[in-house]
Structures are given as C-alpha cells and as structure tokens.
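Note sheet for the following structure.
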Amino acid sequence: MTDRLPLTSILDRIRENWPETATRETEIMVSLIRLNDIIDARTKAVAAEFGLTIAGFETLATLRAEPAPGQMTPNQLRQTVLITSGGMTKVLNTLAADGLITLTTHETDRRSKQISLTEAGKKRIEDCMASVSETDRHLLGQSLGDGEIDQLRTLLTQTVAKLEAN
C-alpha cells in the first residue's frame, strides 16, 4: 500500500478540484474502499504464509463456518465466495490436491459434488484465521481504542444489514 496516494491527499484533491462531490458520504465511501484495499492486501499476505490464495482462504473459511457436517455444493460456495464457476473449479481442485478438502458425489444428485473440509483443511484455516484475526486486531488497534472499535463494528454491521434488507 506504500505506493498509493494517502487517503487524506485523495480527499484533499476531491475537495479542491471537484468540490460538489466532496460530501461526507463520498469521504466515507472512499475511506471504506481504501480500508478494503488495506485489509485485502494484509489478508492476502497472511493467507500466502499458509500456502493459500485469497480465494482458497475464503473457501476454507466458508466451509469452516458451516454447521455440521460442514458440507456445501460448489454452487452454494459460489453464492458465498464471489468467484466464477471456472475459478471455483480451479480453487477446489487445488484445495483437494493439497488435501484440504474432499470432493464426493452428492447423495441425491450424481451430477453434483459435496465439498467437505479435511482435518488438515480445518487445522490450516483455523491457524490462518487466528493469524488474520491477530493482524486485524493490530491494524485497528493502531488507530482506534476498544470503544471506537465497538462503535465502528455496530455502525458498519447495522449499515450493511439495512442496505442488504433493501
């Protein structure tokens, strides 16, 4: 992220050169986009330390969050992990080759597969997620106190929930 113009400079340029768009809403959205970029870069770096791509990380995390027996079809995964069907096939094949998931024929639909975490996959995503969570805590803790983090969590989750409901 060091090769990027700082957020404050971007917002200053908007205020100076395009003042009619320099609203609090624009500042929030540009800030959220930049925050997403920072989070994405750090998560990719941590996932890579565990031999995972970001798509592999998201796939394993999605499977780990499923209730027992923790199985999903490729289509169900695609609805959660935003990836094309071709991309999903590549990710699943890689994770299966690495022994992190198993692909079995669906009981009622022979054309479909069931995807399950292996014990190795469960351990890998749990270790990786612990590292990602620690990175997230450190990232937010650099600039916010506990109360501010709680406020931010509340505001963001309420906002997203309301937007999704519409």
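If you take the residues in the range 75-104 that are part of a helix (DSSP H, G or I) and charged (D, E, K, R), which one is surrounded by the most Cβ atoms within 10 Å (Cβ to Cβ)?
R78
Provide a single number: the residues in the range 58-69 that are of a type outside the set (D, E, K, R) and under 14 Å from L95 (Cβ atoms).
Qualifying residue count, the range 58-69: 5.
Hey, L139 hits all of (1) at pLDDT 95 or above; (2) part of a helix (DSSP H, G or I) but one; which does it fall short on?
Condition (1) is where L139 drops out.
Taking the range 110-126, which residues are closer than 17 Å to A68 by Cβ and aliphatic (A, V, I, L, M)?
I115, L117, I125
Determine which member of the set E148, E134, E107 is under 17 Å from the mean Cα position of the chain (by Cα) and either closer than 28 Å to A68 by Cα or not in a loop (DSSP other than H, G, I, E, B) (or both).
E134
How many residues does the range 111-131 contain that are basic (K, R), free of Cβ contacts under 8 Å to residues at least 40 places away in the same chain and not in a helix (DSSP H, G or I)?
1
Under the condition of being in contact (Cβ under 8 Å) with a residue 24 or more places away in the chain and loosely packed, with under 15 Cβ neighbours inside 10 Å, which residue from the range 1-52 is farthest from M129 (Cα to Cα)?
That would be R4.
Quick one: which residue in S112, S116 is over 16 Å from T53 (Cα atoms), of a type outside the set (A, V, I, L, M) and either in contact with a strand residue (DSSP E or B) (Cβ under 7 Å, 6 or more places away or on another chain) or not assigned by TED's automatic domain parsing to the domain that holds M72 (or both)?
After applying the criteria, what remains is S116.
Do you know which residues across the range 128-147 are surrounded by 12 or more Cβ atoms within 10 Å (Cβ to Cβ) and of a type in the set (D, E)?
D136
Could you identify the single residue in A65, A55 that is in contact (Cβ under 8 Å) with a residue 12 or more places away in the chain, of a type in the set (G, A, S) and closer than 22 Å to S112 by Cβ?
A55
Inspect the range 49-63 for any residue being of a type outside the set (A, V, I, L, M, F, W, C), at negative phi, over 15 Å from the mean Cα position of the chain (by Cα) and assigned to a helix (DSSP H, G or I) and give the result as yes or no.
Checked the range 49-63: at least one residue is of a type outside the set (A, V, I, L, M, F, W, C), at negative phi, over 15 Å from the mean Cα position of the chain (by Cα) and assigned to a helix (DSSP H, G or I).
Being farther than 18 Å from L139 by Cα and in a loop (DSSP other than H, G, I, E, B), is that true of even one residue in the range 26-46?
Within the range 26-46, not a single residue is farther than 18 Å from L139 by Cα and in a loop (DSSP other than H, G, I, E, B).
The values are calculated or read from the model by the stated rules, or taken from the named source; none is laboratory data. Here the structure is a predicted model, which is why all the values come from computation and not from measurement. All Cβ positions, glycine included, derive from the backbone under ideal geometry; neighbour counts span all protein chains shown.
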